[in-house]
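In what follows, a single structure is set out as structure tokens and then discussed.
The values are calculated or read from the model by the stated rules, or taken from the named source; none is laboratory data. Remember, it's a predicted structure, so these values are computed and weren't measured experimentally. Cβ: placed from backbone, ideal geometry, glycine included. Neighbour counts: every protein chain shown. Accessible surface is based on the protein model in full, side chains and every heavy atom, while ligands, DNA and RNA are left aside. Shrake-Rupley method; radii C 1.70, N 1.55, O 1.52, S 1.80 Å.
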Amino acid sequence: MEGVTIVNHPLVQHKLTLLRKKDISTKSFRELLKEIGMLLCYEVTRDLPLADIEIETPLAQMKSPQIAGKKLVFAPVLRAGVTFAEGMLDLVPTARIAHIGLYREPETFTAVEYFFKAPSDLHERLVIVIAPVLATGNAAVAAVDRLKERGANDIRLVCLIGAPEGVERMRGIHPDVPIWLAAIDEGLDRNGFILPGLGDAGDRAYGTK
């Protein structure tokens, strides 16, 4: 599908398989989520522009490439998006953070916002929305809606897994937002969870169920 990148790197796929297992510990789930976040960060930032700068090594002066252009904002969707983003922050510690708190209304699956805090200069930055799953697509759409309202105009979405329904909804409403995924699963169950999926990422990351 246009605008959708599936990251098939062996390390990503191996760690995703471990993450899906129902019997791993909360600690292991968080560690894997962070590790995969770091690996996916490589992919979503692969095309960042570079510019040569003058530096001095211990032996000589040289020109060497450095990231140029817009600075980054990581925008994790609470709760599990925070752990997912930690791996990315390890790679890009200078990135700013926008926190987006959304919960899913259990009957209608509508995304309800309960917290939003973002840098004031979103229009000057590349914003990477970070969410473990793209199920119905409602939360991702709501997050991007809110960021655009605050001025963001260069947005990317990174998820672990998606359902075809969620990917289609996101692409239909925000076709300008490219998506990176480690896998697209079969579909949704009647409760709006991805099958085979990995369960509720927030509950599994923080031991709340």
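Between MET38 and GLU105, the FRET efficiency from the beta-carbon distance, with R0 = 30 Å, is close to 0.40. A Gaussian network model of the chain, with springs between Cα atoms under 10 Å, assigns the largest mean-square fluctuation among ARG190, ARG125, ARG96 to ARG190. Hey, which aspartates and glutamates would be in cross-link range of LYS34, C-alpha to C-alpha under 19 Å, not counting anything within fewer than 8 residues on its own chain? Output for LYS34: ASP23, GLU43, GLU86, ASP90, ASP200, ASP203.
Ranked by solvent-accessible area (1.4 Å probe, protein heavy atoms only, all chains present), the residues ILE53, ILE161, ILE67 order from largest to smallest as ILE67, ILE53, ILE161. Per the Debye calculation on the stretch 1-64 with a single equal scatterer at every Cα and no solvent contribution, log₁₀ I(q)/I(0) for q = 0.19, 0.26, 0.27 Å⁻¹ amounts to -0.80, -1.09, -1.13. Accessible surface calculations at 1.4 Å, restricted to protein heavy atoms, place the chain at 52 Å² per residue. A cut-off of 5 Å between modelled amide H atoms, ignoring neighbours fewer than 5 places along the same chain, links LEU78 with ILE100, GLY101, LEU102. Proximity of backbone amide H atoms, modeled 1.01 Å from N, is registered between THR5 and ILE179, TRP180, LEU181 at under 5 Å, excluding neighbours fewer than 5 places apart on the same chain. Among beta bridges identified by DSSP and lying wholly in the chain, the antiparallel ones come to about 40 percent.
Counting charges near VAL7 (Lys, Arg +1; Asp, Glu -1) among other residues having Cβ under 15 Å from its Cβ returns a value of -1. Here the calculated FRET efficiency for ARG46 and ASN191, from their Cβ-Cβ distance with R0 = 41 Å, stands at 0.70, rounded to the nearest 0.05. Helix 164-173 against the longest principal axis of the chain: what's the angle in degrees, Cα atoms only, rounded to the nearest 10? The helix 164-173 is inclined about 60 degrees to the chain. Rounded to the nearest 20 debye, the dipole size of the stretch 92-146 about its Cα centre is 200 debye, using +1 on the Cβ of Lys and Arg and -1 on the Cβ of Asp and Glu. Could you tell me which GluC sites (Glu not before Pro) in the stretch 95-155 are loop residues by DSSP with no more than 16 other beta carbons within 10 angstrom of their beta carbon? Passing sites in the stretch 95-155 are GLU107.
Think of the chain as having a plus end and a minus end, set by charges on the Cβ of Lys, Arg, Asp and Glu; of ILE55, ILE67, ALA85, ALA85 sits farthest toward the positive end of this dipole. Under 11 Å from the 7 Å Cα→Cβ point of ASP154, by amide nitrogen: which residues of the stretch 1-43? Answer for this model: none. Restricting the stretch 1-65 to GluC sites (Glu not before Pro) that sit in a DSSP loop and have at most 12 other Cβ atoms within 10 Å of their own Cβ leaves GLU2. Between 0 and 90 degrees, the angle of helix 138-149 with respect to the longest Cα principal axis of the chain falls at about 40 degrees. Take the Cα coordinates of the stretch 58-206, assign each an equal point scatterer, and use the Debye formula without solvent to give log10 I(q)/I(0) at q = 0.12, 0.18 Å⁻¹. Taking Cα atoms of the stretch 58-206 as identical point scatterers yields -0.49, -1.03. Only aspartates and glutamates eight or more places from LYS63 in sequence, or on another chain, were considered; those with a Cα closer than 16 Å are ASP52, GLU54.
Along its three principal directions, the equivalent ellipsoid of the stretch 141-209 from the Cα gyration tensor extends over semi-axes of 24, 15, 11 Å, largest first.
Between 0 and 90 degrees, the angle of helix 81-91 with respect to the longest Cα principal axis of the chain falls at about 20 degrees. Close amide-amide hydrogen proximity is noted between ILE184 and GLY162, each under 5 Å apart and 5 or more residues distant or on a separate chain (H modeled in the peptide plane; Pro and chain starts excluded). Dipole size of the chain about its Cα centre, with +1 on Lys/Arg Cβ and -1 on Asp/Glu Cβ: approximately 440 debye, rounded to the nearest 20. Counting only DSSP beta bridges whose two residues both lie in the stretch 117-209, roughly 15 percent are antiparallel. Which residue, ASP176, ASP47, ASP154, tops the fluctuation ranking in a GNM of the chain built on C-alpha contacts under 10 Å? Answer for the Gaussian network model of the chain: ASP47.
Would you give the gap between the C-alpha center of the stretch 168-209 and the C-alpha center of the stretch 84-117, rounded to a whole Å? That distance is 14 Å.
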